[in-house]
Amino acid sequence: MTVLLEARSLSKLYPIKRAGRGVSLHAVDDVSLTIAAGESVGLVGESGCGKSTMVRLLGRLIDPTAGQVLLEGEDLTAITQTKFAASPSRRRIQVVFQDATESLNPSFRVFQAIADPLKRLLGLTSSAEIEQRVRATAALVGLPEELLQRYPHQLSGGQRARVGIARAVVVEPSLLILDEPTSALDVSVQAVILRLLDDLRDRLSMSYLFVSHDLNVVRLLCSRVVVMYLGKIVEIAPAEALFTAPSHPYAQALVAAIPDPARRGETRPRLDGSPASPINPDPNICRFYGRCPKAADICTKAMPPLRAVGPDHFAACHFALSPAGAHDER
Amino acid sequence: MSLTTFARNTGYAFGENRLTLVAAIILALLTLCAIFGPSIAPYDPLLTSATTKLARPSLLHPFGTDALGRDILSRVIVATRLDLGMAVSAVVLSFVVGLALGSLAGYFGGWTDRIIGRAMDTIMAFPLFVLAMGIVVALGNSVANIIIATMIINLPFYCRFARAEVNVRRELGYVEAARMGGNGPLRVLLNHIVPNILPPMMVQASLNMGWAILNAAGLSFIGLGVRPPTPEWGIMVSEGASYIISGEWWAFMFPGAALVLAVFSFNMLGDGLRDLLDPRKRV
Amino acid sequence: MAQLEIDNLSVEFRTRHGVVRALDGVSLSVSRGEIVGVVGESGSGKSVTAYTVMGLNDEAAKVTNGAITMGGIDLLAARPEALRELRGREMAMIFQSPRTALNPIRKVGKQIEDVLQEHAALPRRELKAAAIAALSRVRIPDPERRAEAYPFELSGGMCQRVMIAMALACTPSVLIADEPTTGLDVTTQAVIMDLIKEMSRSTQMSTLLITHDLGLAGEYCDRIAVMHAGHIVEIAPTEELLARPAHPYTQRLLAATPVPDSRLDDLNAIPGHLPDLRGALPPCRFSGRCERRQPICDEAELPWTELSSQHLVRCRYPLS
Amino acid sequence: MAFVWKRLLGTIPSLVGVVVLTFFISRALPGDPAAFFAGPAANAASIASIRATLGLDRPLPVQFVSYIADLAHGNLGRSLTTGQPVLTDLLERLPASLELSSFALLFAIGIAIPMGVWAATRINGGVDHACRAVVTVSAAFPTFFVGLLFVYVFYFLLGWAPQPLGRLDEIAFSPPPRVTGAYTIDAAIAGDWPVLRASLAQLILPAISLGLFALAPIARITRAAMLEALSSDFIRTARASGLPVRKILMAYAFRNVLLPVSSVLGMVFSFLIGSNVLIEQVFGWQGVGAYAVAAVIASDYAAVQGFVLMMAVLYVLLNLLVDVFATLVDPRVRFEG
């Protein structure tokens, strides 16, 4: 298994000027993560947990406050934003953005939208070649040719989603980051897009980072899942393990919250309240403290590190069971 | 927007609101006056006559004559070029400068934004017409300076509008997608953002044109910028004002009506354009 | 007799581009303490149904046929003023995006007081205490302090609780929940749905849950009605509907909805899209998308098939 | 009240900007003020001596410091035409302008807001059409032209209005003892009803001409904001809760309209102060605007600069009032501030 992308201790802090010097919102806080070649990783968590910031950090759309993003060992964060736009690595990480309506330039026809990255990133100038590649990609994502001359507002939601995907895969990236690609679609369309995405990953041998709040969808597409809470990773697990035996109390609540007709009438543990403030959080208090059913004194004294709780399975909780069994470090 | 939808929307805008069509026709006529004014005018606008002072409107002089016996119709026609010219040049200047400054401020943020924003705030801290007066007085009493003053007091509107529009779009998916697609900052701004903010800015400009005309005319009304005997609507109204209390209404009425007509047409056209661009935003 | 009874309801919208037949022959009933789900994709008419019951449709909407009764009162015949007095007291509604559904510049406690003041026979000085009591009924911690908050100071989940507190302040007999958890996090969704379920059980309230999420309806509803293009195509007790869908659309919808044990290969799309609701429509509005379609589907009147006393399907050839 | 202080502090950058810009307008722009003051007949020596007396031969920063020092002492220079200190002149005439503008504003708000609200509740109804017509027409009419039209119709043709020559017919009446400087208020204080009546008669036409121009933006924004409020989610909630129509309109929709309306008031003040200059000119109103126009014609440099500065300061203060009002109306503003 070769590592394609590695995030090392990534942090993104947004200073809050009004509140004074040194006060900042910790959107992403010391997050490390790897994605293997050909792997599909899910990223879940509630709104405001730092998912979108992670997308922008890994997509090199914003600069991290600290930490690095490495693509096959090359430190991308060492390249400045402006230079990165023209660097050969730019094409290797692409993002499919949430809400296809907003992510398409309203004044670009579908053809232009797909052709633009070809011109900029691959430096293609021959219009015959561009046209050939745009058509091939359109066919690949199931976009009828007659739609190429349309504007985004003349397309349906599903068609827009396909254009968004086509624009990202036309440059044949190694890593495709999908930011809630189906959240605005009806289930019937979502099903088609999910199958398309799964199919594309095989055909173009890409890795996926699939960001979603819908755990059922993540489960369908991903082999490994990363759970974030308030800027921190709280659990990393193989998909099956996460859904059958989540280890971190937040992950447990998350899995328990999935609507499931098969479990009608069961009383399941619920997570009440709202998350603590992401502004200058105390580095020695577990971020989940205050909402956590297992909270104890130790949780306010030390931030629990991610540690192994099973094969390829890590959790950041003082009470997570280690693989050896029932020993905890109280 | 495809050509057919554009045609449909145009038809819609005109059909739904006949005023827009009327406004477009009036503006076309005014433009003709502005271009061919001196050759259309029946008399020399500067030609005085001691015998026909303050003559009532008649077949010979449809709009009557002024206190110096000059033909008011000719003066109103010839003045079109100057009045529209001042407003159009001021609006075009503030449009271009405002778009440039606003886009830079909105896209790059930080210091660029703060400096430009502070400058605009300072302009906006004045009552705008009063600032325009101050500027013309300081720069000197000339038509060029009226244009500059009108441009300056209009600038914040365009600048802020462009800044806000760019700012909204900067975070939008398609701009981030353009960056993912290898576009550098300038290209993102020029190829992906500016084309999308031009249409709403043009609407803004056409709505603003009426105001620019009013400002320029207001300045000449109080004796700034244009000097007699140059025909200009504002100054003609001002000259005619003295004869109202003795009942010679035509000297102020016709140039004033021309002014109203021009402002009204631009406002209507702006409203129509806005409907055309976004039928939902109808007010 | 059911608390809420919708009988053969048809609604049209007059638009610039023609008359949209948004609802056609919709019948549905909700008993005391029962939660009935209305499930469908966007444009299926589920929200129109809810708004028509509440009398909140805009002026372009016109009820062309049918009846709605609540506790024996004919809602469609009621005078606007009488209907207004029922809203908030006898029937209440909660919406999606609770943050914008609350008045941004009025304290949330005050907004609940407004409802109480209108519908509850309470002296003025007791309003505040009653509002706080309503907040604590939906288990908002520290209700005295929260009553003084503005919506923007509360999280989305908390705002939805305020909405529920407001809706339930006068213990209505009918609650309509229109996508109440869309836009909320899954964990919050679970808490809110638990709360709605608990409230409807404890006060014997009839609840109509409008949702696009079949999984959610499957967990919380007693019965589910599936809507497609302004028709209810199937209605059945939840277990029955999920286990033995009889309408091809229901089956397709189930196959397209990811649930915890579904696999990608099982996930199926629904071919085609909703028919244009303007102009002529076939008796079965699904026929254009249906692979089991027969010539007769586009001709004769569409009958209801009764598979059991509780399970009705609007298809000539139901799946068995 | 902390937010009021915060807003007050927030005006400092504006005031600094105003002072700096006024200084530059008066000193650093092309055109030699000394030559200007010296008049067309001056020679190089006389210009140089004027330059020295004006302190224009000193470096710019020094000039700026002395300019600030002068301002701090309320010294705006001396008017060439009246021979008095500019500040004295302006303060003497300011009440007349404020009186006129306040009446105009009251007229505009009193008509525009009810009209906008009414129009929005019955869209495409009679009031709505009337509202749109009034907005369209009044936005197209230059204030000075409206003023002149009024004079022609109401004075010359109908004879209803008194001669448009100032604030009071001073042949028939003598001004009331000065308390506030506004004749209407002073006359009311003095209990001098004939003078009150006469001064109101003088006031009514200029105030309405001025108010008409301010009316358009207020009515427009009220109608638009009310429409938006009425179609918003929280109004739907209020309807679903069975609140009475009156309450929905006033406590829910209208209060939410106050914020956008108050934000357009800043613009309206700017219009009013500007148009005030023109209207005073038309009606011979002895306010600061007419003073400034006279100064423009007489090339009375210091007077014009003083006027610009005073109006800017007044405008900044008015905007401060608007801000404070917005903060009182909308809790969100308080928290963002």
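The values are calculated or read from the model by the stated rules, or taken from the named source; none is laboratory data. For clarity, every value in this text was computed on a predicted model and none was experimentally measured. As a convention, Cβ positions derive from the backbone with ideal geometry for all residues, glycine included, and neighbour counts pool all protein chains shown.
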Residue that is of a type in the set (A, V, I, L, M), under 24 Å from residue C:37 (Cα atoms) and either assigned to a loop (DSSP other than H, G, I, E, B) or in contact with a Ser or Thr (Cβ under 6 Å, 6 or more places away or on another chain) (or both), where the choices are A:285, A:258: A:258
Restricting attention to the stretch B:118-132, does a residue exist that is acidic (Asp, Glu) and assigned to a helix (DSSP H, G or I)? yes
Residues located in the stretch C:239-271, provided they are over 22 Å from the mean Cα position of the chain (by Cα) and polar (S, T, N, Q): C:262, C:268
Just name the residue that is nearest to residue C:250 (Cα to Cα) out of those in the stretch C:178-219 that are acidic (Asp, Glu) and more than 11 Å from the chain's Cα centre (by Cα). C:213
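Hey, among the residues in the stretch A:32-58 that are in a strand (DSSP E or B) and over 13 Å from the mean Cα position of the chain (by Cα), which one's farthest from residue A:279 (Cα to Cα)? Before the answer, list the steps.
Step one: of the stretch A:32-58, the residues in a strand (DSSP E or B) are A:32-36, A:40-44.
Filter once more, keeping what is over 13 Å from the mean Cα position of the chain (by Cα): A:32, A:36.
Values: A:32: 21, A:36: 33 Å.
Per the stated criteria, the residue is A:36.
Between D:198, D:225, which is in contact with a Pro (Cβ under 7 Å, 6 or more places away or on another chain) and assigned to a helix (DSSP H, G or I)? Give the derivation first.
Values: D:198 fails: in contact with a Pro (Cβ under 7 Å, 6 or more places away or on another chain).
Going through D:198, D:225 in turn, just one is in contact with a Pro (Cβ under 7 Å, 6 or more places away or on another chain) and assigned to a helix (DSSP H, G or I): D:225.
Would you call residue C:133 within 30 Å of residue C:72 (Cβ to Cβ), surrounded by fewer than 20 Cβ atoms within 10 Å (Cβ to Cβ), at pLDDT below 90 and more than 14 Å from chain A (Cβ to nearest Cβ)? Break it down into steps so the answer makes sense when it comes.
Details: within 30 Å of residue C:72 (Cβ to Cβ): yes; surrounded by fewer than 20 Cβ atoms within 10 Å (Cβ to Cβ): yes; at pLDDT below 90: no; more than 14 Å from chain A (Cβ to nearest Cβ): yes.
No; evaluated as a whole, the condition is false for this residue.
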Unmet criterion (only one of (1) more than 28 Å from residue D:269 (Cα to Cα); (2) surrounded by 17 or more Cβ atoms within 10 Å (Cβ to Cβ); (3) not β-branched (Val, Ile, Thr)) for residue D:119: (1)
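Take residue B:283 and decide whether it is part of a loop (DSSP other than H, G, I, E, B), out of contact with any His (no Cβ under 6 Å at 6 or more places or on another chain), modelled with pLDDT under 85 and at the interface with another protein chain (Cβ under 8 Å from one of its Cβ atoms). Before you say what the answer is, go through the steps one by one.
On the way: part of a loop (DSSP other than H, G, I, E, B): yes; out of contact with any His (no Cβ under 6 Å at 6 or more places or on another chain): yes; modelled with pLDDT under 85: yes; at the interface with another protein chain (Cβ under 8 Å from one of its Cβ atoms): yes.
Yes, satisfied.
Please find, within the stretch C:30-84, the residue that is nearest to the chain's Cα centre (by Cα) out of those that are of a type in the set (Val, Ile, Thr) and over 30 Å from residue C:254 (Cα atoms). Break it down stepwise before answering.
The first filter runs over the stretch C:30-84 and keeps only residues of a type in the set (Val, Ile, Thr), leaving C:30, C:35-36, C:38-39, C:48-49, C:52-53, C:63-64, C:68-69, C:73.
Retained after the next criterion (residues that are over 30 Å from residue C:254 (Cα atoms)): C:63-64, C:69, C:73.
Values: C:63: 18, C:64: 21, C:69: 16, C:73: 20 Å.
Checking each candidate, the answer is C:69.
Could you say which residue among A:113, A:78, A:66, A:139 is within 13 Å of another protein chain (Cβ to nearest Cβ) and over 30 Å from residue C:188 (Cα atoms)? Step through it out loud before you land on a result.
Numbers: A:78 fails: within 13 Å of another protein chain (Cβ to nearest Cβ); A:66 fails: within 13 Å of another protein chain (Cβ to nearest Cβ); A:139 fails: within 13 Å of another protein chain (Cβ to nearest Cβ).
Criteria check complete, one pass: A:113.
Looking at the stretch A:129-143, is at least one residue surrounded by 20 or more Cβ atoms within 10 Å (Cβ to Cβ), in contact (Cβ under 8 Å) with a residue 24 or more places away in the chain and touching a strand residue (DSSP E or B) at 6+ places or on another chain (Cβ under 9 Å)?
Taking the stretch A:129-143 as the starting set, the residues that turn out to be surrounded by 20 or more Cβ atoms within 10 Å (Cβ to Cβ) are A:134, A:137-138, A:141, A:143.
Narrowing the set further to residues that are in contact (Cβ under 8 Å) with a residue 24 or more places away in the chain leaves A:134, A:137-138, A:141, A:143.
After this cut, where a residue has to be touching a strand residue (DSSP E or B) at 6+ places or on another chain (Cβ under 9 Å) as well, the list is none.
No, every residue in the stretch A:129-143 fails to be surrounded by 20 or more Cβ atoms within 10 Å (Cβ to Cβ), in contact (Cβ under 8 Å) with a residue 24 or more places away in the chain and touching a strand residue (DSSP E or B) at 6+ places or on another chain (Cβ under 9 Å).
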Is at least one residue of the stretch B:115-136 more than 14 Å from chain D (Cβ to nearest Cβ) and either touching a residue at least 24 places away in the same chain (Cβ under 8 Å) or not hydrophobic (A, V, I, L, M, F, W, C) (or both)? no
What residue, among those in the stretch B:32-60 that are within 27 Å of the chain's Cα centre (by Cα) and without any contact (Cβ under 8 Å) to a residue 12 or more places away in the chain, is surrounded by the fewest Cβ atoms within 10 Å (Cβ to Cβ)? B:39
Hand me the list of helices (runs of 4 or more DSSP H) wholly inside the stretch D:61-167 holding 3 or more residues that are closer than 30 Å to residue D:306 by Cβ and among the charged types (D, E, K, R). D:86-121
Residue by residue through the stretch A:39-65, note down the ones that are more than 14 Å from residue A:231 (Cβ to Cβ) and small (Gly, Ala, Ser). A:40, A:42, A:59
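Inside the stretch D:196-224, can you point out the residues that are facing another protein chain (nearest Cβ under 10 Å) and either modelled with pLDDT of 90 or more or surrounded by fewer than 24 Cβ atoms within 10 Å (Cβ to Cβ) (or both)? Working first, answer last.
The first filter runs over the stretch D:196-224 and keeps only residues facing another protein chain (nearest Cβ under 10 Å), leaving D:213, D:216, D:220-221, D:223-224.
Residues satisfying the conditions are D:216, D:220, D:221, D:223, D:224.
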All-but-one check, residue C:268 against (1) closer than 17 Å to residue A:190 by Cβ; (2) part of a loop (DSSP other than H, G, I, E, B); (3) in contact (Cβ under 8 Å) with a residue 40 or more places away in the chain, failing number (3)
For the stretch A:228-274, enumerate the residues that are among the β-branched types (Val, Ile, Thr), surrounded by 19 or more Cβ atoms within 10 Å (Cβ to Cβ) and over 25 Å from residue C:195 (Cβ atoms). A:233, A:234, A:236
Just to be sure I understand, how many residues within the stretch B:178-192 are in a helix (DSSP H, G or I) and at the interface with chain A (Cβ under 9 Å from one of its Cβ atoms)? 8
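Name the residue that is nearest to the other protein chains (Cβ to nearest Cβ), counting only residues in the stretch B:193-235 that are part of a loop (DSSP other than H, G, I, E, B) and crowded, with 23+ Cβ neighbours inside 10 Å. Please lay out each step first, then the result.
Step one: list which residues in the stretch B:193-235 are part of a loop (DSSP other than H, G, I, E, B), which gives B:222-232.
Going one step further and asking which of them are crowded, with 23+ Cβ neighbours inside 10 Å, we end up with B:222, B:224-226, B:231-232.
Details: B:222: 5, B:224: 6, B:225: 11, B:226: 13, B:231: 17, B:232: 13 Å.
Out of the qualifying residues, it is B:222.
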Taking helices (runs of 4 or more DSSP H) that do not extend beyond the stretch A:68-179, which have at least 3 residues that are at pLDDT below 90? A:81-86
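Please find, within the stretch A:288-313, the residue that is surrounded by the most Cβ atoms within 10 Å (Cβ to Cβ) out of those that are in a loop (DSSP other than H, G, I, E, B) and without any contact (Cβ under 8 Å) to a residue 12 or more places away in the chain.
The extreme case among them is A:295.
Please specify each residue of the stretch D:230-250 satisfying the condition of being free of Cβ contacts under 8 Å to residues at least 60 places away in the same chain, crowded, with 18+ Cβ neighbours inside 10 Å and out of contact with any strand residue (DSSP E or B) (no Cβ under 9 Å at 6 or more places or on another chain). Steps first, please.
Residues of the stretch D:230-250 free of Cβ contacts under 8 Å to residues at least 60 places away in the same chain: D:231-248, D:250.
Filter once more, keeping what is crowded, with 18+ Cβ neighbours inside 10 Å: D:232, D:234-243, D:248.
Across the stretch D:230-250, the qualifying residues are D:232, D:234, D:235, D:238, D:248.
Evaluate the following for residue D:36: is it at pLDDT below 80, of a type in the set (Phe, Trp, Tyr), surrounded by fewer than 19 Cβ atoms within 10 Å (Cβ to Cβ) and out of contact with any Lys or Arg (no Cβ under 7 Å at 6 or more places or on another chain)? Talk me through it step by step, then tell me what you get.
Details: at pLDDT below 80: yes; of a type in the set (Phe, Trp, Tyr): yes; surrounded by fewer than 19 Cβ atoms within 10 Å (Cβ to Cβ): yes; out of contact with any Lys or Arg (no Cβ under 7 Å at 6 or more places or on another chain): yes.
Criteria met by residue D:36.
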Out of all the residues in the stretch B:59-95, which are among the charged types (D, E, K, R) and more than 11 Å from residue B:43 (Cα to Cα)? B:66, B:81, B:83
